[in-house]
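Below is one structure; the comments refer to it alone.
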Amino acid sequence: MKKNFVIGIDFGTDSVRALIVNADTGEQVGTAVEEYPRWKQGKYCDASVSMFRQHPLDYLEGLERAVIKSLENVPDEIRNDVRGIAIDTTGSTPVAVDRNGTPLSLLPGFEENPNGMFILWKDHTANAEAEEINKLAHGSETDYTKYVGGIYSSEWFWAKILHTLRTDESVREKAFSWVEHCDWISAELTGNTDPLTLKRSRCAAGHKALWHQDFQGLPSNAFLTQLDPLLDGIRERLFNHTETSEKPMGTISAKWSGKLRLPSDVVIGVGAFDAHMGAVGALIEPYSLCKVIGTSTCDMLIAPTEEVGHLLIRGICGQVDGSIVPGMLGMEAGQSAFGDIYAWFAKLIIEPVRKLVGEDAAKELSAKLIPYLSEEAQKLPVTEQDIIAIDWLNGRRTPDAKHTLKGAILGLNLASDHTRIFKALVESTAFGSKSIVERFRNEGVPIHQVIAIGGVAKKSAFVMQTLADVLNMPIKVATSEQACALGAAMFAAVASGVHSNLQEAQRAMSSGFDTVYQPREAESEVYQVLYKKYIQSGKFLENSFLAKTTTVQVNSYPDTF
């Protein structure tokens, strides 16, 4: 009997994962993870100015290695029964390309130029350009930011393009167009990377590039030219139409069919962002908040368009028809740093050990430190006098994006040790999550339950219990350790025709849930008091301590930023 297998490929911040799934039963028969070697070496990045770039060779080499390794121990008949591949990536992670759609860093003379590489989602070098976009949009007849929460972010498509064009003449002269990672890598597998004809992701375009049906596509050339004459004509070299991710991008090229040793008729699906496909892999339902928790968070929410489509939800990362589940309004929010905050604190402790005691001692400490801090922190009581931390170490994504903000720790005394500070940092990330939940509710969008996926959700019971207590809501953790890749596999199953729609694919391929964290009543009551202190402290930090920072005016609420 003929079987149907699909491959979901998940490009994360640090690595790429390939997952082979039986599309009929959901059985996961092969998987592999490959790190990006150049990224791991810290190349092309400068954290001091929030510059984070990734070389396309890391993506291409990683994809090839991950897929080949995932197929190493499966029978040949499975390899021959692969029907489709779909890809998710981080975003907004755009790259400058030439007329053929080749990233500039793959061309002679640009191999080591960071501006010709993919500009990673957490790159904040375009803060000034984002402010300019907001100022112009808010004063224009058409406010192009109204479907992305009213505030454009430096993490997104247009700000990054404009900053690069302004700062690098060689890229300015060579770049024909710009392509998101999820679009380019999917197109690369088909062999058609022509920026004028490749299919563009509705998810990426709607949430990060100001694309909307009401605008007949992207912002007008008049708006872009007024923003900066360097953008004159670029709209014509981009796109007007977008596709949702259950649609096929094309068929695998002979080159990649040979590289991966896969059939020549494998269908490649339209790509999307990792969190959006992860939400599908975690069985997102209407009014269920799906939190993808890793180095940062991305919070996904879907609802029937007829119920919430009339709302313009302030301060989030966009509301886009079909960006998560076709036929539903997809809404996105998130935090710019989550696990990254814990990693920052660990580094503060580990680096002096590395310098003073040596590499071996530092490696041993690195492996044990976060589990130790978590174990000790969960022994501490939760009191109204606890330390308060603000989780803006990489700026604030939502509510109300402002990446020039800084984090803080308040209420220290001589008894404030490593465990208490770590506990406060974990609580700060939970408070940041609560501020997002409260914003949705204040804007008229209810949240009935919380679903969690990602590395932190699977690995840290202390963090997840704290989050449940702060939100005062149960949190279901998806069983799959690779929910994003699983969601991509579900989309591949629909794009290739194995399943007729996404709901059918979810029913057949779901891994379910393995853990539920219930809020503890006593702790939740104290956290309501601490959350108010968090809000007050954040307002002081933003409006007084950091008052010289240029701000974007947004609606204010008594319980959110």
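Whether any residue in segment 214-222 is assigned to a loop (DSSP other than H, G, I, E, B), among the aliphatic types (A, V, I, L, M) and closer than 28 Å to ALA489 by Cα is what I want to check. Checked segment 214-222: no residue is assigned to a loop (DSSP other than H, G, I, E, B), among the aliphatic types (A, V, I, L, M) and closer than 28 Å to ALA489 by Cα. Comparison of GLY84, GLY12 shows that the only residue that is within 22 Å of LEU486 (Cα to Cα) and in contact with a strand residue (DSSP E or B) (Cβ under 8 Å, 6 or more places away or on another chain) is GLY84. State whether the residues of segment 224-233 include one that is in a loop (DSSP other than H, G, I, E, B), crowded, with 19+ Cβ neighbours inside 10 Å and touching a residue at least 60 places away in the same chain (Cβ under 8 Å). So far as segment 224-233 goes, no, none of its residues is in a loop (DSSP other than H, G, I, E, B), crowded, with 19+ Cβ neighbours inside 10 Å and touching a residue at least 60 places away in the same chain (Cβ under 8 Å). Number of residues in segment 1-31 that are surrounded by fewer than 19 Cβ atoms within 10 Å (Cβ to Cβ), over 17 Å from the mean Cα position of the chain (by Cα), of a type outside the set (Ser, Thr, Tyr) and within 24 Å of HIS276 (Cα to Cα) equals 3. For segment 502-536, residues that are closer than 28 Å to GLU27 by Cβ and in a helix (DSSP H, G or I) total 8.
Residues that are among the hydrophobic types (A, V, I, L, M, F, W, C), outside the structural domain of THR244 (by TED's automatic domain parsing), touching a Ser or Thr at 6+ places or on another chain (Cβ under 7 Å) and not in a loop (DSSP other than H, G, I, E, B): does segment 374-384 have at least one?
The first filter runs over segment 374-384 and keeps only residues among the hydrophobic types (A, V, I, L, M, F, W, C), leaving 377, 380, 382.
Retained after the next criterion (residues that are outside the structural domain of THR244 (by TED's automatic domain parsing)): 377, 380, 382.
Checking which are touching a Ser or Thr at 6+ places or on another chain (Cβ under 7 Å) leaves us with 377, 380.
With not in a loop (DSSP other than H, G, I, E, B) added as a condition, the list becomes 377.
Scanning segment 374-384, I find at least one residue that is among the hydrophobic types (A, V, I, L, M, F, W, C), outside the structural domain of THR244 (by TED's automatic domain parsing), touching a Ser or Thr at 6+ places or on another chain (Cβ under 7 Å) and not in a loop (DSSP other than H, G, I, E, B), so the answer is yes.
Can you find even one residue in segment 254-263 that is crowded, with 22+ Cβ neighbours inside 10 Å, touching a Gly at 6+ places or on another chain (Cβ under 7 Å) and not in a loop (DSSP other than H, G, I, E, B)? No, the conditions are met nowhere in segment 254-263.
Can you name every one of the helices (runs of 4 or more DSSP H) wholly within segment 395-486 that holds 3 or more residues which are under 22 Å from PHE273 (Cα atoms)? Steps first, answer last, please.
Numbers: elements: 418-442, 455-459, 461-471.
Ranges flagged: 418-442, 455-459.
Evaluating LYS347 against the criteria (1) assigned to a helix (DSSP H, G or I); (2) closer than 25 Å to TYR534 by Cβ; (3) touching a residue at least 12 places away in the same chain (Cβ under 8 Å) leaves one unmet condition, (3).
Residue-by-condition table, conditions (1) assigned by TED's automatic domain parsing to the domain that holds ASN192; (2) without any contact (Cβ under 8 Å) to a residue 60 or more places away in the chain; (3) more than 25 Å from the chain's Cα centre (by Cα):
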position: ARG65; (1), (2), (3): yes, yes, no
position: GLU72; (1), (2), (3): yes, yes, yes
position: ILE78; (1), (2), (3): yes, no, yes
position: ILE85; (1), (2), (3): yes, no, no
position: ASN100; (1), (2), (3): yes, no, yes
position: PRO114; (1), (2), (3): yes, no, no
position: PHE118; (1), (2), (3): yes, no, no
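Within the group SER92, SER105, which residue is buried (at least 23 other Cβ atoms within 10 Å of the Cβ) and more than 24 Å from GLY454 (Cα to Cα)? Sole residue among the options that is buried (at least 23 other Cβ atoms within 10 Å of the Cβ) and more than 24 Å from GLY454 (Cα to Cα): SER105. Restricting attention to segment 283-296, the residues being in a strand (DSSP E or B) and closer than 20 Å to ASP514 by Cβ number 6. When GLU169, GLU246 are screened for being of a type outside the set (S, T, N, Q), assigned by TED's automatic domain parsing to the domain that holds GLY116 and surrounded by 17 or more Cβ atoms within 10 Å (Cβ to Cβ), only GLU246 passes.
Within segment 152-164, the set of residues being within 22 Å of LEU329 (Cβ to Cβ) and at pLDDT 95 or above comprises TYR152, TRP156, PHE157.
State whether one or more residues within segment 313-321 are of a type in the set (Gly, Ala, Ser) and assigned by TED's automatic domain parsing to the domain that holds LYS458.
Looking only at segment 313-321, we keep the residues that are of a type in the set (Gly, Ala, Ser), and these are 315, 318.
Narrowing further to those that are assigned by TED's automatic domain parsing to the domain that holds LYS458: none.
No.
No other residue among THR167, THR190, THR197 is modelled with pLDDT of 95 or more, in contact with a strand residue (DSSP E or B) (Cβ under 8 Å, 6 or more places away or on another chain) and among the hydroxyl-bearing types (Ser, Thr, Tyr) apart from THR190.
Select from segment 381-428 the residues that are in contact with a Leu (Cβ under 8 Å, 6 or more places away or on another chain) and among the polar types (S, T, N, Q) and list them in ascending order. THR404, THR419 - these are the residues of segment 381-428 that are in contact with a Leu (Cβ under 8 Å, 6 or more places away or on another chain) and among the polar types (S, T, N, Q). Can you say whether LEU196 is surrounded by 24 or more Cβ atoms within 10 Å (Cβ to Cβ) and aliphatic (A, V, I, L, M), as far as the supplied structure shows? Answer is no for this residue.
In the set GLY358, GLY411, only one residue is on the phi > 0 side of the Ramachandran plot, in contact with a strand residue (DSSP E or B) (Cβ under 8 Å, 6 or more places away or on another chain) and not aliphatic (A, V, I, L, M); that residue is GLY411.
The values are calculated or read from the model by the stated rules, or taken from the named source; none is laboratory data. Fair warning: this is a prediction, and the values are worked out from it, not measured in the lab. So basically every Cβ, Gly included, is an ideal-geometry build from the backbone, and we count neighbours across all protein chains shown.
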